[in-house]
Amino acid sequence: AQSVTQLDSQVPVFEEAPVELRCNYSSSVSVYLFWYVQYPNQGLQLLLKYLSGSTLVKGINGFEAEFNKSQTSFHLRKPSVHISDTAEYFCAVSENNAGKSTFGDGTTLTVKP
Amino acid sequence: GAVVSQHPSWVICKSGTSVKIECRSLDFQATTMFWYRQFPKQSLMLMATSNEGSKATYEQGVEKDKFLINHASLTLSTLTVTSAHPEDSSFYICSATGNNQPQHFGDGTRLSIL
């Protein structure tokens, strides 16, 4: 069984500040890890994914995440956020690239001017 | 990039009616489609997995007779909420995958049952 814990339900930050959204997972097998963004009344858009290889993964919109196997974490970071980054962010884990995923409860990122 | 179209985006109907939601992969063959349900301020809950040409696999606690899923072609899956009631009101999201691609999500359908 797999599970995902997003440690912060809400993260308020000021524009141009750095941000980190935390994600921890548990699994008995090797996993693939994903971060998605969801804007109001829309589906999910893939920000980035970790399948194998380099533990630092760069995604769209200036986001990056680092896979830490020993700490079973996959935290999402952005060095300078914009108002337009305000959205819901979901961390997810899957046993393969195309299989069903288990999602965390989400983190609401609110960027204030 | 890959595009998944979900229709309708918003539907309001009376209690007792059935509602069909379509999920189409526009530029790739979707061998597998997933249907999720999302309550306000909550995460996505997987309802079922459908493979083209096969019966859907439902997650525990999801009534298969209530939520009928059809995946008759490599580009279309449908979810029918039968005899819908107010407690079925939710945001339903589909995703599609194929050729070892990651999931591509539709924009969701907001269902409101009066």
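FYI, it's all coordinate maths here, none of it is from the lab. Treat the numbers as computed from the prediction; the structure is a model and nothing was measured. We place every Cβ from the backbone using ideal geometry, glycine too, and count neighbours over all the protein chains shown.
From the largest down, the range B:25-78 spans 31, 24, 13 angstrom on the principal axes of its Cα atoms. Full extension of the chain between A:Tyr39 and A:Lys58 yields a length gain of 4.8 nm, computed as 0.36 nm times the residue separation minus the alpha carbon distance.
Average partner chain C-beta neighbours within 10 Å, per residue of B:99-109? Counting Cβ atoms of other protein chains within 10 Å of each residue's Cβ and averaging gives 5. For the range A:44-94, the spread of Cα coordinates along the three principal axes comes to 33, 22, 17 Å, biggest extent given first. A full extension of the chain between B:Ser83 and B:Thr17 corresponds to an added length of 23.3 nm, given 0.36 nm per residue minus the alpha carbon distance.
Cysteines of chain B lacking any other cysteine Cβ under 4.7 Å from their own Cβ: B:Cys13. The distance from the alpha carbon centre of the range A:87-108 to that of the range B:26-70 is 15 Å, rounded to a whole number. So what is the orientation-averaged projected area of the protein assembly as shown, using the convex hull of its C-alpha atoms, in nm²? So the Cα hull casts an average projection of 12.5 nm². Take every Cα pair under 8 Å whose residues are at least 6 apart in sequence, average their separation, divide by the length of chain A, and the relative contact order is 37 percent. Under a model in which nothing but the beta-carbon of Lys, Arg (+1) and Asp, Glu (-1) is charged, the range A:22-113 shows a dipole of about 140 debye around its Cα centre.
If R0 is 22 Å, the Cβ-Cβ spacing of A:Lys69 and A:Ser3 corresponds to a FRET efficiency of close to 0.85.
Scaled to the globular estimate 2.2 N^0.38 Å, the Cα spread of chain B, given as radius of gyration, is 0.99.
Would you kindly calculate the translational diffusion coefficient of chain A, applying Stokes-Einstein with the Kirkwood radius from alpha carbon pairs, for 4 °C and a viscosity of 1.567 mPa s, and quote it in µm² s⁻¹ without decimals? Reported coefficient: 92 µm²/s. With Cα atoms defining each centre, the range A:1-52 and the range B:87-103 are spaced 17 Å apart in the structure. Lysine pair count for chain B (Cα-Cα distance under 18 Å; residues 8 or more apart in sequence or on different chains): 6.
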